[in-house]
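Q: Take a look at this one; I'll ask things after.
The values are calculated or read from the model by the stated rules, or taken from the named source; none is laboratory data. Everything numeric here is computed off the predicted structure, so don't read it as measured data. Reconstructed Cβ throughout: ideal geometry from the backbone, glycine too, with neighbour counts over all protein chains shown.
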Amino acid sequence: MLKYLVIAISAVGLLAGIYVVSTAAEKIPNPPPDQPPATNPYPRGIAALGFVEPASKAIAIGAPEPGLVAEVLADVNDAVKKGQPLMRLDDRAIRAELVTAEASLLASRASVTRLENAPRAEDIPPVEARVAEARSRLEQIIDKLERLTDAVERNAASPDEIQQWTYDRRTAEASVLAAEAELARVRAGTWEQDLLVARADMARHEALVRAAQIRLERLTITAPVDGVILRRNIESGAYLAASPPEPPLVLGDIATLRVRAQVNEEDTPLLRPGAPATARVRGPIDARFDLRMVRIEPFARPKQQITGASTELIDTRVVDVVFEVAAREGDGTPRLYPGMAVDVFIEATDDGSK
């Protein structure tokens, strides 16, 4: 009985194998593509990968130095004008430096003013008094010396006394000269060189104040051009590093959009300036728009921006061709956003001439 059961099971397995093999040989129809394929509209054309960018390019807004973000003054989609503040860093440390520099500047200015207005009327009388005192002392010594001379002739005084008072007379004469020189100096006012030194010190403090003001102004980051905030990667209270992984703000002039196409080096002989071109937006809708060639950038570089397609060559060099997007009003095509990847088709020459 077991023998016949094994034979039956084997037969059923054989029949099942034959059925599987016969059905697997049937041709299964390919499903339709999710979106229409991109086709080149030109009989002879160049296909390239393109990226939408603002006319001003995407400007990464950074900060002149790292610091704490005190305030972000612009948000995504905000239209800003050139010079408009976008964000402000914490400026308390620099404001403290500015206060110190301004105080030093006030002191140096006061010193210059004092030197420019010297001498005061009150400075001269004390010096004149010292001159009169020195002269009076000299006259007293001269009179004493004359009387001693007469006394020596009458043998009423010794020659040593005459010699001592002679020394005193010379000292008194030197004191008179010193007092008169001091009076002349005071009356002459400030020496020009001292005034130059004081003014140079004042200029140095003015420069320190201006430097602090400039640093303070730099902490308020402003828009370099008219445009729209495309991206915001920073918030108030965050610390902005010297080299952040992403720019705090991205700004661009999207009034006019451009497309930067990467033409493979193998296709560059077919390029010609001013060639017509079109671009296709990727997606379920076959949306195309006309392009006007702006320039061919004459520098081949390694391909860096890729789409990730398995058939895309990345071990090649490309030449950038910049196009301007033609005005599109009410044509029903999808909106373009900076950074989008589009398929670009450029009409090529037949003989490769430029």
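Q: Just for strands (runs of 3 or more DSSP E) wholly inside the range 198-252: which have at least 2 residues that are at pLDDT 90 or above and over 15 Å from ALA70 (Cα atoms)?
A: Passing ranges, in order: 227-232, 249-252.
Q: Across the range 76-125, what is the number of residues that are closer than 15 Å to ALA212 by Cβ, in contact with a Ser or Thr (Cβ under 9 Å, 6 or more places away or on another chain) and of a type in the set (A, V, I, L, M)?
A: Total satisfying the criteria: 1.
Q: Identify, by number, the condition in (1) more than 30 Å from ASP78 (Cα to Cα); (2) of a type in the set (D, E, K, R); (3) at pLDDT 90 or above that GLU266 doesn't meet.
A: GLU266 satisfies all of (1) more than 30 Å from ASP78 (Cα to Cα); (2) of a type in the set (D, E, K, R); (3) at pLDDT 90 or above except (3).
Q: Considering only residues that are among the basic types (Lys, Arg) and assigned to a helix (DSSP H, G or I), look in the range 74-124 and name the one that is surrounded by the most Cβ atoms within 10 Å (Cβ to Cβ).
A: So the residue we want is ARG109.
Q: So, PHE289, is that one in contact (Cβ under 8 Å) with a residue 12 or more places away in the chain, assigned by TED's automatic domain parsing to the domain that holds PRO338, in contact with an Asp or Glu (Cβ under 9 Å, 6 or more places away or on another chain) and surrounded by fewer than 16 Cβ atoms within 10 Å (Cβ to Cβ) or not?
A: no
Q: In addition: For the range 44-62, state whether one or more residues are at pLDDT 70 or above, over 30 Å from THR220 (Cα atoms) and assigned to a loop (DSSP other than H, G, I, E, B).
A: There is at least one residue in the range 44-62 that is at pLDDT 70 or above, over 30 Å from THR220 (Cα atoms) and assigned to a loop (DSSP other than H, G, I, E, B).
Q: Still on this structure, I have one more. Test GLU71 against the stated conditions and say whether it is outside the structural domain of SER243 (by TED's automatic domain parsing) and either surrounded by fewer than 17 Cβ atoms within 10 Å (Cβ to Cβ) or within 30 Å of GLU206 (Cα to Cα) (or both).
A: no
Q: Residues to consider are THR349, THR333, THR316; find the one that is modelled with pLDDT of 70 or more, in contact with a strand residue (DSSP E or B) (Cβ under 7 Å, 6 or more places away or on another chain) and surrounded by 11 or more Cβ atoms within 10 Å (Cβ to Cβ).
A: None of the others qualify; the one that does is THR316.
Q: Also, quick follow-up: In the range 98-112, how many residues are closer than 10 Å to MET202 by Cβ and among the β-branched types (Val, Ile, Thr)?
A: 1
Q: Checking the conditions here, which among LEU195, LEU257 is at pLDDT 85 or above and either more than 30 Å from ILE346 (Cβ to Cβ) or in contact with a helix residue (DSSP H, G or I) (Cβ under 8 Å, 6 or more places away or on another chain) (or both)?
A: LEU195
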